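Down below is the structure, laid out as structure tokens.
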Amino acid sequence: MVFARGNLRAKLWIIGDAPGADEDAQGVPFSGKAGQLLDKILEAAGVGQDEVFIANTVLCRPPGNRVPTNDEIAACAVHRNALLDLWQPPLVVLLGATAARTFLAGNRLADLRGQRVERDERAYYPTFHPAYLLRDPSKKALAWQDWQKVRDALRGLPLDDSGEHVEQADEAVEAARSLVPYAGQSVMTPEGTGRLMQVFVERCAVVLDIRPAKVTFFPTRVLAELLLRQEAV
């Protein structure tokens with residue numbers, strides 16, 4: 001699984017399509033050539049790495065690097081949507097066609113690129129995936145126009161001290177209450193399918209146990225090992 005990189009408290013989230021070969025090998029999204037181009041774009045726009053949170057629509061690389069299926073996208077929806085609901089970023093850049101159709105009701109990237117789309121109490125900015133720009137450099141000028149709009153929107157947000165990472169257990173449990181709507185969904189867990197729901201938060205996993213109702217936090221490394229062990233069995 002390839003989770004995310006960056007600052008969960010960031011007001012700007014960047015969501016791509018799916019991990020590639022480099023990301024699959026390293027376990028870090030956008031760590032290959034496309035990621036290097038993305039970092040250069042952010043640097044040119046004056047956006048620091050601590051100002052963004054970077055993830056993908058799906059957590060695992062599809063076989064043969066093909067486009068993720070609807071079932072694969074749905075399988076990752078619990079983790080992805082719960083993180084968005086918990087941290088509530090006001091700005092989200094959607095990189096590529098899969099991310100655009102996933103978050104914007106199946107609309108094509110070609111029809112949305114360059115627009116600011118208000119939905120779910122946040123602003124989405126669909127634009128080209130850096131991998132596409134590597135294949136067709138002629139689109140870099142259009143992509144740069146998109147990123148300038150994103151930068152201006154980010155700089156126009158009011159400064160505040162909200163979004164501090166929860167430190168106390170009571171505060172963490174309270175923050176996890178927004179995840180309750182996802183608790184009824186069936187997902188793969190260390191115990192089998194459907195009993196628990198995991199949400200990956202930075203280096204910590206939020207686990208909602210439906211029977212009995214309780215909230216537990218532990219390192220994602222532990223959860224990943226349990227999942228791999230379950231899969232091997």
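Nothing in this text is a laboratory measurement; each read-out follows from the coordinates by a stated rule. None of these values were measured; they are calculated from a predicted model. Because the Cβ atoms are built from the backbone with ideal geometry, glycine has one as well, and the counts that use them run over all protein chains shown.
The table for this structure:
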{"quantity": "The range 4-155: C-alpha gyration tensor shape, a/c 1.5 cut-off, then a/b vs b/c", "calculated": "rounded"}
{"quantity": "Shape of the range 11-71, Cα gyration tensor, a/c cut at 1.5", "calculated": "prolate"}
{"quantity": "Vicinal HN-Hα couplings computed from phi for the range 20-28 (Karplus, 6.51 cos²θ - 1.76 cosθ + 1.60; Hz; Gly/Pro x)", "calculated": "x, 5, 5, 5, 5, 6, 9, x, 10"}
{"quantity": "Debye, to nearest 20: dipole size of the range 37-162, +1 on Lys, Arg Cβ, -1 on Asp, Glu Cβ", "calculated": "640 debye"}
{"quantity": "For Leu91, residues with placed amide H under 5 Å, excluding near neighbours", "calculated": "Trp13, Ala123"}
{"quantity": "Pairwise FRET efficiency - Cys60 versus Ser138, Cβ, R0 = 41 Å, nearest 0.05", "calculated": "0.85"}
{"quantity": "The range 109-123 - phi-based ³J(HN,Hα) in whole Hz, Karplus 6.51/-1.76/1.60, Gly and Pro as x", "calculated": "4, 4, 8, 10, 4, x, 9, 9, 10, 8, 7, 6, 6, 8, 9"}
{"quantity": "Estimated inter-spin distance, Arg155 and Thr69, nm [label 7 Å along Cα→Cβ]", "calculated": "4.6 nm"}
